[in-house]
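The numbers here are math on the coordinates, done by the rules we state, and not lab data. As the structure is a prediction and not an experimental result, all values here were calculated from the model. Heads up, the Cβs are rebuilt from the backbone with ideal geometry, glycines too, and the neighbour counts pull from every protein chain shown.
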Amino acid sequence: MVAASLLDQLVRRDAPWEVTVFGDEPWLPYDRIALSGVLAGERSPDDLALREPEWYERHGIEVRTGCHVLALDASRRRLRTPADDFDFDACVLATGSRPFVPPLPGADLDGVTTFRTLDDVRAMLRRAAAGRRAVVIGGGLLGLEAARGLLARGLEVTVLHLGDRLMERQLDQGAGALLRSELEHLGLRVVLPAATVRIEGDVRVEAVALRDGTSLPAELVVVCAGIRPNADLAAAAGLTVGRGVRVDDRLATSAPCVFAVGECAEHGGRTYGLVAPLYEQAAVLARRLAGDGAAAFAALETATRLKVAGVDVFAGGRTVAEAGDQEVLLRDDANGVYKKLVLRDEAVVGVALVGDLSPMAAAGDALARNAKVADRLGLLGVGRTEDAPDGADLPDEAVVCGCNGVTKAAILAAIGREDGCATRACVARCTRASSSCGSCAPVVDGLLRLSGAGGMPGVPPAPPVCACVPLPRAALRERVLTADLRSVGAVLRAFGDGIGCHRCRPALSYYLDVWWCGQHVEEPASRHINDRVHANVQCDGTFSVVPRIRGGVTSPAELRRIADVAERYGVPAVKITGGQRIDLLGVRKRDLPAVWADLGMPSGHAYTKAIRTVKSCVGTDWCRFGVGNSTDVAVRLERLLEGLYTPHKVKLGVTGCPRNCAEVTVKDLGIVAITGGWELYVGGAAGMTVRKGDLLCTVATAEEALQEAAIAIQHYREEAEYLERLYHFVPRVGVAAFRAATAEAPAQRRHELLERFRRSRAAAGDPWRAVPAADPGRFAEAVP
Amino acid sequence: MTWAADGGPLQRVASLSDLRPGEGRLVRLHGREIALFLTAAGVRAVDARCPHAGGPLHDGLLSGTRVACPLHLRRVDLDTGEVEDCADRVRCYPAVVRDGEVLLEL
């Protein structure tokens, strides 16, 4: 990665070098920081490449992948490779580091791996798929990243750590203890201090033995016990080597024309493992190779950011105060927040943040500049009211993206130039800011907003379904389908804690329905009462009943039946709803089956997360302004979609002209008749949030409008999180992305969406007919 | 009337076959409303009204031995009667199953 950064900078400076890159691994330079995302199932191995092959070609850079350099002859300026000898004018060693594996008996067993390369991750995933328990040796940054990924894959993960607190190089006792308790809360097991003495097993790993006699069974062991610089090539060439390849301030080694940067380099007695100072080395060397003789590297206070299954940690400098230092400490145990500044002579020399990283940009900047701070509590966010950092208060030279060393000024320049960046993705392409760990994304978005460039919110990493099922939805789906699990209980036993909670069990019930297109095993005990008895529980424990009246169109006979039922069962309240339906309120649970039978109407699904109502106006049938038959289309739309469960409730509307009497632009999905066609709007809201829907597409016929609605609803059903309204989903992914996945998707994808839609719809029945017959006892009380 | 091992009176309230795993059932007895649950750990019985807002606990979602009230999702521990975010507890009734009948110590 440091080599790739150096290449970037050389290209940007038009440095007059013909460059050849030699790399051991079979891939082009890729983003190692993102490997934990691949492990967790959040990123694909295919989008790790830092630059596309064409980029290297375009800039005349030859990359020899899978090429192991055998020897360096510094005096002859020559490299020996298995293929040939290669003469150079200058050589940069960016050989990185390798994992340190302590000399433990059993460290060579099958199933013991390190966490450094894409191959390591692939090996871990293979074992994770076959096993259930993983042990990570080492509770530093890398170990916790590995643990987080494996936890997300549904394994039972234990972290063994030699020290007395997690990440002791970065965190003080208080932050380490809080991090530990937050991680344990998420299902990670932490044992410390834990001295591993042996890895047990015959051919494959079976257990890890500790000095105190404990034996922890495991099918996968990941060793994250630190790194060692790759300095062998330099040492064999006679260069001065300590812990790493020794370099001076200009990053020159002891041999003329040979330089070193990255994890392999030792500067001022220190080697670095975090990426920010290493990118600084790359920048300094690029300037030097481009002819700037004054460029020099100075030791930097390094900060690190980590996100472990939802726990945010940021630490830099010395977080344990030395004699003469001062501390500012804010701690909120109940909310899992810990914030600490260490100051020396009023200047920031250390920062530790857990749980709330909003002060990260400002505090990190103060640390990097060793700045004197007057308002220390303010720096920790006390008294700040805005919730999203926008970077407005950062100085131009402040580093926003610590991973890639990108300053605020560089980002503003990318936004401000002609045809400047308008999205975070574009800023990431042009400056690399936010492209690695992503933690600076809110600041990048803020700078885009400040610059009036819009700043489309990007997609944050997928959250786990629940603490009980610590896998993101997409990863869980893949595993559930592969393992052919069809009930909530089976999923909880395989990938969760076996019990679940009132949040994840309804969510899983929904997901299984969608993933299996209705061919799942329904488990009423995992549903809220509304979905067990198909009516809406009221504050007094009675229920409300809303029959389906498609499009809001009813008849005298239907109204008479409703009136009869209301009288027969002593229904205390009858009300017209906002969605053009009739609500019978105060029905006793035991009366529900009889009420449904006497109504003789299908369920209106008003009690659940499903297709609710299609509201309509009277359209061309009666209205002198109507341009489309909205009533008919509303009834057809409702017939098309009814009975389908959705991530959250879906309210719809069809209106006969742009006067919009049915108020469809504030519906989750609305259809407007215009002269010569129909417009579809998605993501409207008029409840807790008020939002005008985004125009999805305009089509010529009612049939096309219905088909686009089905495709849009199926996309929402498959891709939204449970309890995410369409009006949250659409702005989250962006209407352009929504459109690209639906109305403007390739024919094959549209066909597949419609196919899954049809299968789900075919499996959806009317619960008011099915349930009482199958289960008459559910509605009764017990008799003493 | 039968008697518990330690001498307390036991009252039959339901047949075990009336209960289904994971779903609560209401029983009215001497003017009291009691919620019965068949959990993986056995039968549990508590006063049926959530002390927070009177929600019907027998209609709650059961996970392990905790039930989430259907009105505001406060969780009630069926072993201790503790209610999430609420100072009041619900009363718990020790339950035994004999010959397929559920008996409560009232």
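For the reader, a short list of remarks on this structure follows.
- Rounded to the nearest 5, the antiparallel percentage of DSSP beta bridges internal to the range A:101-225 is 35%.
- As a length-normalised measure over Cα pairs under 8 Å and 6 or more apart, the relative contact order of chain A settles at 8 percent.
- Summing Cβ point charges (Lys, Arg +1; Asp, Glu -1) relative to the Cα centre of the range A:206-364 gives a dipole of roughly 380 debye.
- Straight-line cross-link reach from A:LYS372 at under 29 Å between alpha-carbon atoms covers these lysines, not counting any fewer than eight positions away in the same chain: A:LYS307, A:LYS339, A:LYS340, A:LYS408.
- Peptide A:587-593 is shielded by partner chain Cβ atoms: per residue, an average of 1 of them sit within 10 Å of its Cβ.
- Expressed per residue, the C-alpha convex hull volume of the range A:464-527 stands at 64 Å³.
- For the range A:528-608, the equivalent ellipsoid derived from the alpha-carbon gyration tensor has semi-axes of 18, 14, 11 Å in decreasing order.
- D_trans [Stokes-Einstein, Kirkwood Rh over alpha-carbon pairs] for the range A:458-588, 10 °C, 1.306 mPa s, µm² s⁻¹: 91 µm²/s
- Unit charges at the beta carbon, dipole of the protein assembly as shown: most positive-side option, A:ALA398, A:TYR338, A:PRO746: A:PRO746
- Legend: mean number of C-beta atoms from other chains within 10 angstrom of residue C-beta atoms, peptide B:15-24, equals 4.
- 19 Å tail of the calculated P(r), the range A:311-432, as % of Cα pairs: 51 percent
- Every Cα-Cα pair of the range A:566-634 was included, and the share exceeding 20 Å stands at 45 percent.
- Charge tally in the Cβ shell below 15 Å around A:THR65, where Lys, Arg are +1 and Asp, Glu are -1, A:THR65 excluded: -4
- Segments A:636-647, A:564-575 sorted - mean Cβ within 10 Å per residue, highest first: A:636-647, A:564-575
- Average other protein chain Cβ within 10 Å of Cβ, residues B:59-71: 6
- Taking 4.7 Å between beta carbons as the limit, the unpaired Cys residues of chain B are B:CYS86, B:CYS92.
- Share of pairwise Cα-Cα distances greater than 47 Å in the protein assembly as shown is 37 percent (whole percent).
- Chain B: Cα Rg divided by the 2.2 N^0.38 Å rule of thumb: 1.01
- Average projection area in nm² (convex hull over Cα atoms of the range A:1-58, one quarter of hull surface): 4.5 nm²
- Over the protein assembly as shown, DSSP H runs of length four or greater, each weighted -39,500 (n - 2.57), average out per residue to a 222 nm ellipticity of -8000 deg cm²/dmol.
- Packing-based order for A:45-56, A:175-186, A:754-765, A:136-147, using average beta carbon neighbours within 10 Å, highest first: A:136-147, A:175-186, A:754-765, A:45-56
- Taking the charge dipole of chain A about its Cα centre, with +1 at Lys and Arg Cβ atoms and -1 at Asp and Glu Cβ atoms, the residue from A:ALA535, A:PRO472, A:PHE115 reaching farthest to the positive side is A:ALA535.
- Secondary structure note: in the protein assembly as shown, about 75% of the DSSP beta bridges are antiparallel.
- Centre-to-centre, using Cα atoms only, the range A:739-764 and the range A:196-241 are separated by 49 Å.
- Counting beta carbons within 10 Å around each of A:HIS68, A:HIS528 and listing the fewest first gives the order A:HIS68, A:HIS528.
- By average C-beta atoms within 10 angstrom, highest first, the peptides A:622-629, B:80-87, A:254-261: A:254-261, A:622-629, B:80-87
- Over all distinct Cα-Cα pairs of the range A:610-777, the Kirkwood formula returns a hydrodynamic radius of 16.1 Å.
- Each Lys and Arg adds +1 at its Cβ and each Asp and Glu adds -1 at its Cβ; summed about the Cα centre, chain A shows a dipole of about 1820 debye.
- Among the listed pairs A:LYS609/A:LYS667; A:LYS589/A:LYS651; A:LYS649/A:LYS692; A:LYS615/A:LYS649, those beyond 20 Å (Cα-Cα): A:LYS589/A:LYS651
- Computed log₁₀ I(q)/I(0) - Debye formula, equal Cα scatterers, no solvent, the range A:101-225, q 0.10, 0.14 Å⁻¹: -0.27, -0.53
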